[in-house]
Every structure is written in C-alpha cells, then in structure tokens.
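Beneath this line is the structure, given in structure tokens, with notes to follow.
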Amino acid sequence: MCVLKLSEFIYLVGLTNTKLFLLYMPKILNVRNLKKTYSSGSNQLTVLQEINFDIEARETFAIVGPSGSGKTTLLGLCAGLDRSDTGEITLCDVALSGLSEDELAKLRNQKVGFVFQNFQLLPTLTALENVAVPLELQGNKNAMETAIELLGKVGLQDRIHHYPSQLSGGEQQRVAVARAFSNNPEILFADEPTGNLDTATGEKIVKLLFDLNKERGTTLVIVTHDLELAQQTQNILKLKGGRIVEHVKRASL
Amino acid sequence: MKNLYARSHSTAWRWLLKMAWRDGKASSKRLFLFVASIVFGIAAVVAIQSFGENLKQNMALQSKALMGADYKIDSNHPPKETVSKLMDSLGGYQSREISFPSMAAFSGTEATKLVQVRGIEGGFPFYGMLETNPSNAAYQLNNAALVDATVMMQLGLNPGDSIRLGNITLPILASLKSIPGSNAVFSSIAPPVIIPYSFIDKTALVQTGSRVSYDFYFLDPNTDLEKLDESIGKVLDAEDADLDTHLSTSQRLGRRYDNFGKFLNLVAFIALLLGCVGIASSVQIYIKEKVQSIAVLKCLGADNRQVFLIYLLQVIAIGFVGGLLGTFAGVLLQQFFPYLLGDLIPVSFEIAVFPTVLLVGLLLGVIMSVLFSLNPLLGTLHISPLQALRVEGNQTKKKSKSQLFVSAAIVLFIFLFALWVLRNPLYALSFVLGIALTFLILAAVASLFIKLIKKYFPVGWHFPARQGVKNLFRPQNQTLILVLAIGIGTFLISTLYFTKDLLLAQAEIDAQANNPNLILLDVQSDQRQSVKQILTNAELELTEEVPIVTMRLHAIKGILTNAIRQDTTSRINRWILNHEFRVTYRDSLIASEEIQQGKWIGQVSDNTKIIPISVSDNLARDADLTVGDTLTFNVQGVLMKTQVSSIRAVDWGRVQLNFTVLFPRGVLENAPQFWVLSTHVPNEAASAAVQQDLVRDLPNISVIDLRQVLALVESLLGKIAWLINFMAFFSILTGLIVLLGALKTSKYQRIKENVLLRTLGAKGVQIFKIVIFEYGFLGLLGGITGVVLSLVSSQVMAIWLFDAPFIPSWVPFLILIPGIVLLVIFVGLTNSLAVIKSPPLAVLRKEVNV
C-alpha cells in the first residue's frame, strides 16, 4: 500500500494546489497534461495530448478506444516504460520524470505487475522460473516457494517445470498472471490480456485477474478494446485520436 | 527508497549467474555456432603453438645429443697455428674428425654410392649414442668401418663385407643406425660411413677443392658457452675457423623450420580471426533472438546492468568452455604432428603439455568471445522495455563512445595476437593494416555495387529477379554486412590456399626429361678428359661443364673484413665475412639469371686491373652493395680487386648450379680450380654403370644422382603437404561455420517479407527464385572480391614473409567462388523453407515472436 508521508503530501499540495480536494483520497496514479509525439521521418506524429486522470488505490480501471487511439502508448507511459514529452506522471507517489532508467526499473520491480497480450513469458525459462523472476530480482529468498504457491492458485501446480512452448495459450497467460502478482504489486497493468485467447479461455483469465486483484488489494489497469471486459471495471477512460473523449466513473461493483 | 532494494552483493551475483545458466541451458542449440567458432580457432592456435614449443624444448633438451659434444671448433682447412694454440689453451680437444663426401664401392656388389666419410679419433660422441648393429662396435680398435644401415640394407651388405674408399679397403664391422649430428634428410643423399681417423690420409681423397671439414670436439660441461663465443669467436673468425656450441646447433636446426613455422602460424592466425568473425555474427543473431526476452526482463524490473551482465556471463562461460574444448582438441591434434612429419624432425619427439600454451588457449577463448560479443551486448542497453508491448518507440541507434572503445580494443587484440604468433611488430602491424584495408575495400565494393545496381536497375527482368535484386538495396538491406562476412571469409580461406600453393610450389622441382640428372662434383682440371671419355664410352652427353674457384672476401668497399668484424654497427651480414665463395666464370648469363641493375660484362682482357663482376641480389642485399662498389677477394692467396658491375636476380628454385658471384672470362682461367660436370642418364641401370666406372678410375669424384634426391624431396614434401592441408582444412571449416552464422543473421530480415509475399499469393517457386537471385548476387560479390583481394595479400606475403615467387592457381576461382555462391544460396533457401512449407501465420508466430 502507498503510505503518504508528510513531506510528499506537502509536495503534492504544492504541485496541484488548484485541485486540493484530490488529495483526500489515496491516489496511486496521477497523470497531468500528458503529451507524447513520435517522429516518423520528417513528420511529427502526436499520439497523446491533454491527458489528465487519476486512479485511486484498489480501483479497477479500463482504458478503451479504437486501434491507434494511443491506449498502449498511454499504458507504457503510466508504467514508466517510456517518457512523455510534456506533463507529469506520479506513480505510487513518485514523479516518474525525476527517475533514471534504472530507478524506473526498480520501481517497476517493487510496485508494478504486467500482463501482456502475447503473454511474453521468457521462452528459455520454465513456468516456475518465469514466475519467480520478479521476486529473485528483489533478492527474495523465498522466491520459489511463493512462485509454486501462485502457480497453484492459477491451477498450474502440475505444470511448473514446463517451458512456455510446452503450454497452451491459456496456460501461458495463467503463468503470466501468476508472474504479475508474484511481487505483490500495488498496481497491475494488463495490455489486452484476452487478445490472443479464445472467448472461453479469455473469460477464465479475466475472472482469475479480478479474483486475484480483489484478494490482494491491487489496483488493476486494463487496456482493451473489448467493451464487455471494460464494463467489469469501476472506471472507463475512452480514448480517440490521442485524446480523452470520455471518463466514466461507475459505482463500485 | 534506496534501502528498499538493498541486497547483499553475493545474492545479486548468484541470481545473475542463475539467470545466465537457465537461459543459456535452454538456448544451447543456438549457441552451437558460437562454441564451434571458438573451438576450431583455439584448437589450431594451441596445436601449432604447443608443437612449436615442444620442438624448441626437445631441441634444447637434446641439443648436446644433437652435436655429441659441448662444443666444437671447425674449419674447412687444417687448423693454423693460432687455432691449434687456442685449442691447447682451452685444455685441448677430446676428439677430432675429418669428413668429406666421397664415392664408395663395396665388396660382392657392383654398386657404388656417394657417402659422407667421417674419420674419427677419440671418444666422440660424448653425448647421445653411436647406435650400431651389432652394438658397441669398436671400429677404432679393429681398424674397421661402420656403414649406414640403410645403405647396408639397400646393397645387401653384411658385417664382414668390405668397403673401398679411394685407395683403401676396410672391413665393415657393423651397420650404423644413428650418430649425433647426422640429419635424416642429408643422410639420405650422402649416408655416413665412419672410419678411424688414421686412415683418412691413406684414402688420398683429400685434395684441392674437396669439401673437407675439420672438426675438433670438446667435452667441457662447465664452460659458459656464450662467454666462450664472445672471447674466442672473433679470433677463430679471423682464422677461417668457427666455434659451434651445442646451443647454436639446435638453434640452427630450429631455423630450418622457419618458413614452415611461419605458415603454420598464419594458419593459426587465420583460424582465430575466422573464429572471431564467427563469434561476432553468432552473438549478433543470439541477441537479436533475445530482444523480446530482454524487453520483458526490463518490464519486470531488471536494470540495464543486470541484463547486460546476464548475457556477458553467458559469453564468458561459453568463451571458457570453447577455450577449454579448443585447447583440449589442440593438444590432441598436435599428437599427430610427429607422425605426419616423421623424418623431418631432427630429434626424438616427446610431447609435453605446456601450461603457458594451455593458459593462453583458455584466456584467448574468453577474451575473444567477450571482445567480439561486446558490441551486440552493448546493444542490449538500448533495448526499450516498451518493446514488450509491441510499441515501436523512437529507436535512435547512435554509435556510442563505448562501442568505439570496443572497436579500438578489437584492433589492439588482433595486433597483440599477431605479435604473439609472428614475434615481429612490423609483420603484426602489416597484418592488422591488411585486415583493416580488406574490410574497407569490401565495404567500398558493397556500397559501390548498391549504387550501380540502383542506377542501372534491370527494369526488363521478370518479377522474382527484380524483387531479388531490389532486396539488395531496400531499406534494412543486408548487402553490406553479408558482403563483409562472405568477403572476409572467402578472403581468408583463399589467402590460405594461395600461400599453401606458394609454399609447396617453392619446393617443387620440375623434373623435365632433358634436364641433367647426374651431377659430378670435385672433378680436378686434369681429370676432365678422363671423365669425358667415360661419358662418351657410356654414350652419355655432357650437358654442363662448370669451373669452380673458391675464394673468400678480403675487403668490402675498401674496408678489410677483419675491421668489419670488429665494427658492431656494421649492417653487413656476418655469413658473408666467413663464407667460402664458390665462384665460376663465363661469358654469358644462363636462363635462371636476370640482370636487375648495371651491365653484364662477360669478357675482360688480361691486363684489367679492376675486374667487373656480377653479384646475386641476395648477396647485394646482405652485404649492402650497389653497382660500382668494390670487393677484394682472396683467391687462395692472391688478392683480386673487383667492382660490382651488375646485380642479378637468380631463381634458386631451379635445379641448376647457381652462383652468388660471377666472374667474366679472362681472369680466373689459371687459378686453382675444380669442375662440376653434369649429364643426363636415361635410367637407373645406366646411372649405376657410369657411377661404377667413375669410382673405379676417379675415386675422388662425388656423384649425385638427382633422381634419388628428387624422390626423397618428393616424399618429404608429401609429408609437409599433408600437414599443411590438414591445418588449412581446420581454418576453412571455421570459415564455413562463420558463413553459416552470417547467413542465419539474415534470416530474420527476410522472413517477414517472404511471409507477406506468400500471403499475397506468391508461389513457392517464385519465393525460391527471389532468394536465389538475392543470395546469388551476395555470394558472387563477396566471393569474387574476397578472392581478388587474397591475390594481392598472397603476393605481398610472397615477397615480404616467405621470400618466394607466387604464381596463383585457378582453383580458388573455379572451385571456391562457385562453392561459396552455392553455399550462400543453399543456406538462403533453407532459411526460406519454412515460409514455403507452412501457413504464413504459423511461420510468423514461430520465427518472429520467439
């Protein structure tokens, strides 16, 4: 959990003094005036602009929009995988712009989990090793035990020594989910988690994701174009052409 | 926040090692090319270096046995008084010998044979063994002879038969199996015959012009030989005598393997360089395949340093394993060298394993794999975690400072290695420059080709051809990198081939039908008529009749040779000062000679004061002479002033009597001289008959049957050729592995495109054709450029390194280039096989997403 220290509180007050009321809720992700452009040849291509939103701790949050609307770019920026041109992102009370690449990596390792559309398991590691990697990166001595326990939770206790190529798509994504939760993240980013799966398998993965999220008290941010999946979250941020077109806040589910 | 991540240093390293191991274990198949590149390179280096060390070591260990004494003093003349006194002051010699070549006849057989007569007094050899059968034959007590075992066997002789040498006949006591100081190669031409010293005079074979050697052997293990050489070397030089220590004998023997050793080192160098190219390209592919994994690891929170270290640890481990396997293979490999070389090695060969060579092998493995992997490894720093999300970010690929640093380190490594192998900074530097130049030229050729093909694009060709050619200059084309890899590989292989040819050709002797094949040496002036009569009786034609006058240099450019000996700054090679020149005189040049500078003068009048002479180019170089310089010769007591009127290039490779110094007619006709006559004998029987006649009537004449020598040389060359081919094969194998690696790199570039074409409905044949065109052009371009460049490099090495003429063969053009092209096309096709056989999407998932 994020615990706001007094100094950070004052810093945030200073930064956002016009919207002081926001500080009454614990915010885990805070995005202000975000802009991102790519240059392709001599052309400047603006992928995101005027993006402002907050995500509260333990919320479930969906970013939706058509292809090319900038969803994945936004996710990458929020998770500290890329840097914005202007604007500020504060993740778990840390301003990302002030961190070096290595500090960003440490932040991800400690507080962030990822689930990808194409699973992205390390092909040369077994299911167990894949799940243990984030913990091992922290130097956790009980990495293996925790990983076995998590694989049991996603129903793969019999396949822990299999390599990704020996697993089905659904199984691979379950390993990925286990890995995403292994470091006990405060926030979990999922990029089209059902995109490469058939409907039935996809539904099982979604259920697993939400159940674990609830059980562990994690914040869940899902990028998807699947509106049905988005309907299951408390917040829906709609993007189009790199701008926010709608931010729907729903009552808790 | 920092303390959150604090963890002990050792756990961090343990995890990195664990990750490196896990990942490497599952990638072992992909690392095969990597390991293979290292193993072959290191094996060649270790085998060759270790063999060289062993040879040196064995010679040093057995150097006393090679000479049979601690040192000897030798001369081509009976010792003068000063030399005798000097020897007395050293405590006197323990044993002495007079030796010379002569013809020998044997009882019970008509056969005659050129032998090396060695008249020995005293207990020589003091080291090593005089091996005889029956053993311990006391020839001096029994006034008997020991005859070379091979000769005894060839002629069917037994102990108890007798041998006739000049005017004496001695019983043969035993067969001689080996004696220190006799080397197998020379022994086959003039096998040794040992007789008691006191019989030498009675043979009456020691005459003017005979090549007689007087040796005095000393047994004195406690003398500091280098000091001894310093104190008496110059005195002996002045008296035409020489000090020869057991150390210098083994050094001289070692030098005989010089050219051969240089070539082997070249093989090692090339094998290792090819290995390095192999490492660079296999790591390039390897890291390319790991991009997604690296991006994911970074998403999960691994920092740049950790990712870099994981793969660096793998590279170090592979370098170590490769070095270990290569060293092991190299040590095994060198066990075969003595068998391959046999008689060529003068010592009984005991193979030791040298820790330094082993260490160098292991270190080389690690250093070369790390150095040549560093650039692709540094590339991992630029892989963005964003790539896990399949977002193509702004990828700026700048050459960072560290990459420049790595390139500099690579150049330094190649230089240091070349220095270690060649032991000559100038050669090493030229090698590095040569390799760099080759790279530049290949790159220039590739970019020129791209420009040309863009300008003159074959618009009229059918689609697959146009598509294939276009692939050569599309964005992200691989023309430059593949032409470099193929070109360098071909260049090195073909250079090796050419040099091998060059070395083997150097030693080849053309045995044409009409060339003289029987050489008669030491014919005295008054014997010429008798020899001609014998030849006429045997219906043989005299092909050559060359007079020889022996002389020594008295002064060079007006400075006495004695003064030059004292002058430590003199650039004049020492052999010149002591050499007994065998000089001839004639009025014209022969086919193996060509005037380089000055004018050839063939005839002078009696009263000429300064005689115009011609010197060979090697003498001019070693004695620092140019046209117009004066030389004073001591012709058996008479001083003759001469002037260099011309410098000749001499083709020493021809079987012909060639001379360093050539006098014109009109000067030496009346000097004491002897003759060399030659003739052509049609067969073995005719040769034996005429030799018998010669030995009977003129026993002092030595006869050399060139056909025997040729047969011997051929068998020796066969052995060398075997070893050279064997080692060259190693390098070529490495080269092929490298080519395979380079081509595999290209796989990922083209596979997406081919899948797209397939999706758009391209037939299998069309894709094949596209591939054949693209790779065919790449193979041709790289192959031809590589072979042409190797022509240049071989020529350069022929001149500077091997000192031998170079006539390129057609083999690389006819076999290597088509071979390379076919190989490149073949690999290109196998790379595309998956595209043609499986559905497009399956291919994309399998090949690109992994």
Checklist entry - Pulled fully out, how much extra length does the chain show between residue B:328 and residue B:621, if you take 0.36 nm times their separation in residues and subtract their Cα-Cα distance? => result 101.0 nm
Checklist entry - How much FRET efficiency would the formula 1/(1 + (r/R0)^6) give for residue A:157 and residue A:86, where r is the Cβ-Cβ distance and R0 is 41 Å, rounded to 0.05? => result 0.30
Checklist outcome for this item: Between residue A:56 and residue B:530, the two model label points (7 Å from Cα along the beta-carbon direction) sit apart by a distance in nm of 13.0 nm
Checklist entry - Amide H to amide H, which residues 5 or more places from residue B:543 or on other chains are under 5 Å from it, using H placed in the peptide plane? => result B:678, B:679, B:680
Checklist entry - chymotrypsin sites (Phe, Trp or Tyr not before Pro), restricted to segment B:745-838: which are DSSP loop and have at most 12 other Cβ atoms within 10 Å? => result B:810
Next on the checklist: Please list 3J(HN,Hα) in residue order for segment A:179-189, calculated via the Karplus relation 6.51 cos²θ - 1.76 cosθ + 1.60 where θ = phi - 60°; whole Hz, with x for glycine and proline.
Outcome noted: 5, 4, 8, 4, 8, 6, x, 7, 9, 10, 9
Item to check | Angle between chain A longest axis and helix A:199-216 axis [Cα atoms, degrees, rounded to 10] | outcome: 70 degrees
Next on the checklist: Please check: in the Gaussian network model of chain A (C-alpha springs, under 10 Å), which one of A:186, A:171, A:101 has the largest mean-square fluctuation.
Outcome noted: A:101
Checklist entry - Straight-line reach from residue B:837: which lysines have Cα under 22 Å away, leaving out those fewer than 8 places along the same chain? => result B:744, B:747, B:752, B:763, B:769, B:846
Next on the checklist: I want to make sure I understand the PRE zone here: with the label point 7 angstrom from the Cα of residue B:11 toward its beta carbon, which residues in segment A:127-142 have backbone N atoms less than 15 Å away?
Outcome noted: A:133-142
Checklist entry - Modelled label-to-label distance, residue B:400 and residue B:25, 7 Å Cα→beta-carbon offset: nm? => result 3.0 nm
Next on the checklist: Sequence gap at least 6, Cα distance under 8 Å: using those rules, report the relative contact order of chain B to the nearest whole percent.
Outcome noted: 17 percent
Checklist entry - Does a label point 7 Å from the Cα of residue B:84, set along Cα-to-beta-carbon, have any residues of segment B:228-250 with amide nitrogen under 18 Å, and which are they? => result B:236, B:239-242
Checklist entry - Per-residue mean of other chain beta-carbon atoms within 10 angstrom of the beta-carbon, peptide B:378-384? => result 1
Next on the checklist: Can you return the lysines within cross-link range of residue B:64? Criterion is Cα-Cα under 20 Å, with same-chain partners fewer than 8 residues away left out.
Outcome noted: B:56, B:72, B:177, B:227
Checklist outcome for this item: Taking r as the C-beta separation of residue A:100 and residue A:216 and R0 as 35 Å, the FRET efficiency to the nearest 0.05 is 0.75
Checklist entry - If you put +1 on each Lys and Arg Cβ and -1 on each Asp and Glu Cβ, how big is the dipole of chain B around its Cα centre, in Debye rounded to 20? => result 6820 debye
Next on the checklist: Inside 10 Å of the C-beta atoms of A:96-104, what's the mean count of C-beta atoms belonging to other chains?
Outcome noted: 3
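Of all DSSP beta bridges located in chain A, what percent are antiparallel, nearest 5?
Restricted to chain A, the bridges split so that about 55 percent are antiparallel.
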Next on the checklist: Looking only at the protein assembly as shown, where both bridge partners belong to it, what percent of the DSSP beta bridges are antiparallel (to the nearest 5)?
Outcome noted: 70 percent
Item to check | Partner chain coverage, peptide B:284-292 - average Cβ within 10 angstrom | outcome: 1
Item to check | Normalised per residue, the volume of the convex hull around the Cα set of chain A (Å³) | outcome: 144 Å³
Item to check | Amide N proximity, segment B:59-92 versus residue B:240 label position 7 Å along Cα-to-Cβ, cut-off under 14 Å | outcome: B:74-83
Checklist entry - Mean residue ellipticity at 222 nm from the helices of chain B, using -39,500 (n - 2.57) per DSSP H segment of n ≥ 4 over the full residue count, to the nearest 500 deg cm²/dmol? => result -18000 deg cm²/dmol
Checklist outcome for this item: With x for Gly and Pro, the residue-by-residue ³J(HN,Hα) of segment B:113-121, computed from phi through the Karplus equation 6.51 cos²θ - 1.76 cosθ + 1.60 at θ = phi - 60° and given in whole Hz, is 8, 6, 10, 9, 7, 10, x, 10, 10
Checklist entry - Excluding residue B:695 itself, what net charge comes from residues whose Cβ is under 14 Å from its Cβ, given Lys and Arg +1 and Asp and Glu -1? => result -2
Item to check | Distant-in-sequence amide H partners of residue B:162 (H built 1.01 Å from N, under 5 Å) | outcome: B:107, B:172
Item to check | For residue B:302, residues with placed amide H under 5 Å, excluding near neighbours | outcome: none
Item to check | For the protein assembly as shown: span of alpha carbons on each principal axis (Å, largest first) | outcome: 131, 70, 56
Checklist entry - Rounded to the nearest 0.05, what FRET efficiency is calculated for residue B:707 and residue B:807 with R0 set to 22 Å and r the Cβ-Cβ distance? => result 0.30
Item to check | Per DSSP, loop chymotrypsin sites (Phe, Trp or Tyr not before Pro) in segment B:440-480 with at most 16 further Cβ within 10 Å | outcome: B:456, B:461, B:473
Checklist outcome for this item: Taking 0.36 nm per residue of separation between residue B:204 and residue B:470 and subtracting their Cα-Cα distance, the length gained on full extension comes to 87.2 nm
Checklist entry - Can you list the HN-Hα couplings for segment B:436-450, worked out from phi with the Karplus curve (6.51, -1.76, 1.60; θ = phi - 60°), rounded to whole Hz and with x for Gly and Pro? => result 5, 4, 4, 4, 4, 4, 4, 5, 5, 4, 4, 6, 4, 4, 4
Checklist entry - Between residue B:291 and residue B:131, what length in nm is gained on full extension when 0.36 nm per residue of separation is reduced by their alpha carbon distance? => result 50.6 nm
Checklist entry - Which of B:588, B:778, B:820 sits closest to the plus end of the dipole of chain B, meaning its Cα is farthest towards the positive end, when Lys and Arg get +1 and Asp and Glu get -1 on the C-beta? => result B:778
Item to check | Those aspartates and glutamates that a straight Cα-Cα span of less than 12 Å connects to residue B:18, excepting residues fewer than 8 apart in one chain | outcome: A:129, A:136
Checklist outcome for this item: Most exposed to least, judged by fewest other Cβ atoms within 10 Å, B:77, B:680 sort to B:77, B:680
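Between their Cα atoms, which of B:288/B:470; A:204/A:249; B:599/B:641; B:29/B:451 are more than 27 Å away from each other?
Values: B:288/B:470 24 Å; A:204/A:249 25 Å; B:599/B:641 18 Å; B:29/B:451 39 Å.
Long pairs (Cα-Cα over 27 Å): B:29/B:451.
Values quoted throughout were computed directly from the atomic coordinates according to the rules given, and no laboratory measurement underlies them. Here the structure is a predicted model, which means the values were calculated and not measured. No Cβ is skipped: glycine too gets one built from the backbone with ideal geometry, and neighbour counts run over all protein chains shown.
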